[in-house]
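What follows is a short report on a single structure.
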Amino acid sequence: MKNKSHVDSKKKDILQAAMRLFATKGVDGISVKEIGDAAGVTDAAIYKHFKNKDAVALEAFTQYCVDYTALIDGYVRQEGPVLERFKQLVTEVLHLHDEDPYGLLLISQNHEIFIEAGSSEDYRQPLDALMDLIDQGMMRGELPQQDSRLTAVLVIGAITRMAVSSMQGELPELLVPYTGETVHRLASMLGHLSQK
């Protein structure tokens, strides 16, 4: 039984190393050996947990998608004005980026295995959750009528592009100092209706 925690920790080490590598160099730019070197394990240890490199990438991508989807869904379930919840969500996402930039970088990639996973009908993504929040605002009369899919794509695209720009040195490493301006600009994409 004591081996289980060791096995689980090795899998976690492999996933963390892979996330960093995939996020910064892309799935195709990384080998199983590089993942093993970064995680401090052998290729055999990787194959003990995963069928191949794509399986490692898919699990890493899925983990971040599930986490970000759950985060957004939490804001959908909260009470209060939609625009205020959206602003809090953007603020939290920027803080999460500064703690772990690899999630947004990985989500921003368009590798075919990620696209295939996201196209599954039973797979919920951050885009779906954000659309729900925007739809909620329209149904409650707090946001103007709009194509919620388009707005959600624009918002997610802007945030993931900030993460890429941060990694490439176009923006500073930490994005939290940009919170006020980012929240203001992204909230303007949603629009608002004046309360009577």
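With 20 Å as the cut-off, how large is the P(r) tail for the chain, expressed as percent of Cα-Cα pairs? Let's see the in-between values first.
Details: 11341 of 19110 pairs.
Here the long-distance tail beyond 20 Å is 59 percent of all Cα pairs in the chain.
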**Asked** In deg cm²/dmol, rounded to 500, what helix-only [θ] at 222 nm does the chain give when every DSSP H run of at least 4 residues adds -39500 (n - 2.57) and the total is split over its residues?
**Response** -23000 deg cm²/dmol
**Request:** Restricting things to alpha carbons, tell me how big the range 20-106 is in terms of Rg and Dmax, in Å.
**Result:** 16.5, 52
**Message:** I'd like the Karplus ³J(HN,Hα) series for the range 98-103: coefficients 6.51, -1.76, 1.60, θ = phi - 60°, whole numbers in Hz, and an x wherever there's a Gly or Pro.
**Reply:** 5, 7, 8, x, 6, x
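Sum up the charges of everything whose Cβ sits under 14 Å from the Cβ of P81, counting Lys and Arg as +1 and Asp and Glu as -1, but leave P81 out.
Details: positive: R85, K87, R140; negative: E79, E84, E142.
Within the 14 Å Cβ shell, the charges total 0.
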**the chain - accessible surface per residue (Å², probe 1.4 Å)** = 55 Å²
**Request:** Any chance you could look up the accessible area of R161 with a 1.4 Å probe, heavy atoms only, rounded to 10 Å²?
**Result:** 110 Å²
**Fill in**
Projected area averaged over all directions for the convex hull of the alpha carbon atoms of the range 30-78, nm², comes out at 4.1 nm²
**Request:** Report the full-extension gain for the segment E79 to D13: residue separation times 0.36 nm, less the Cα-Cα distance, to one decimal in nm.
**Result:** 20.0 nm
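Summing Lys, Arg as +1 and Asp, Glu as -1, what charge do residues with Cβ under 12 Å from the Cβ of M162 carry, M162 excluded? Display every interim value, and only then the final one.
Working: positive: R161, R185; negative: D98, E170, E173, E181.
Counting the neighbours of M162, the net charge comes to -2.
The values are calculated or read from the model by the stated rules, or taken from the named source; none is laboratory data. In this text the structure is predicted, and so the values were computed from the model without any measurement. Heads up, the Cβs are rebuilt from the backbone with ideal geometry, glycines too, and the neighbour counts pull from every protein chain shown. For accessibility, only protein heavy atoms count, side chains too; no ligands or nucleic acids. Shrake-Rupley method; radii C 1.70, N 1.55, O 1.52, S 1.80 Å.
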